[in-house]
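The values are calculated or read from the model by the stated rules, or taken from the named source; none is laboratory data. Keep in mind it's a predicted model, so treat the numbers as computed, not measured. All Cβ positions, glycine included, derive from the backbone under ideal geometry; neighbour counts span all protein chains shown. Keep in mind that these areas ignore ligands, DNA and RNA; they rest on the heavy atoms of the full protein, side chains included. Shrake-Rupley method; radii C 1.70, N 1.55, O 1.52, S 1.80 Å.
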Amino acid sequence: MGVIAAENLLATFPDGNGATIFLVDRTPCVADTTLRTLRRGGWVVCVEKADVFDWLSEPRPLDAICANLF
């Protein structure tokens with residue numbers, strides 16, 4: 001997720017209100033700027049290093065999933 005995607009998320013949901021966003025990738029490369037932007041908007045950000053299918057195989061409460069495959 002880049003800064004533009006983070007800004008779009010905040011434009012749609014301006015107050016994260018403590019909601020958690022998981023950024024899952026085998027090779028996480030989220031810029032500090034992106035993390036700060038999301039956290040300033042009230043989001044709790046968790047960067048997870050994992051294969052997405054392995055990560056999804058573990059049960060956890062999720063309200064929505066958005067995938068960027070490329």
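Structure data summary
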item	result
Positions within region 10-28 being in a loop (DSSP other than H, G, I, E, B) and of a type in the set (Ser, Thr, Tyr), in sequence order	Thr27
Residue list for region 14-35, restricted to those being touching a residue at least 12 places away in the same chain (Cβ under 8 Å) and closer than 17 Å to Asn68 by Cβ	Ile21, Phe22, Leu23, Val24, Asp25, Arg26, Thr27, Pro28, Val30, Ala31, Thr34, Leu35
Selection from region 29-50 of residues that are part of a helix (DSSP H, G or I) and β-branched (Val, Ile, Thr)	Thr33, Thr34, Thr37
Matching residues, region 37-50, being within 12 Å of the chain's Cα centre (by Cα) and under 18 Å from Gly18 (Cβ atoms)	Thr37, Leu38, Arg39, Trp43, Val44, Val45, Cys46, Val47
Cross-chain or 6+ apart pairs with Cβ under 9 Å, region 47-70 first and of a type in the set (Phe, Trp, Tyr), then open to solvent by less than 100 Å² (accessible area, probe 1.4 Å)	Trp55/Phe22; Trp55/Val24; Trp55/Glu48
Subset of region 15-63 (residues that are within 19 Å of Gly2 (Cβ to Cβ), out of contact with any strand residue (DSSP E or B) (no Cβ under 8 Å at 6 or more places or on another chain) and loosely packed, with under 13 Cβ neighbours inside 10 Å)	Cys29, Ala31, Asp32, Thr33, Arg40
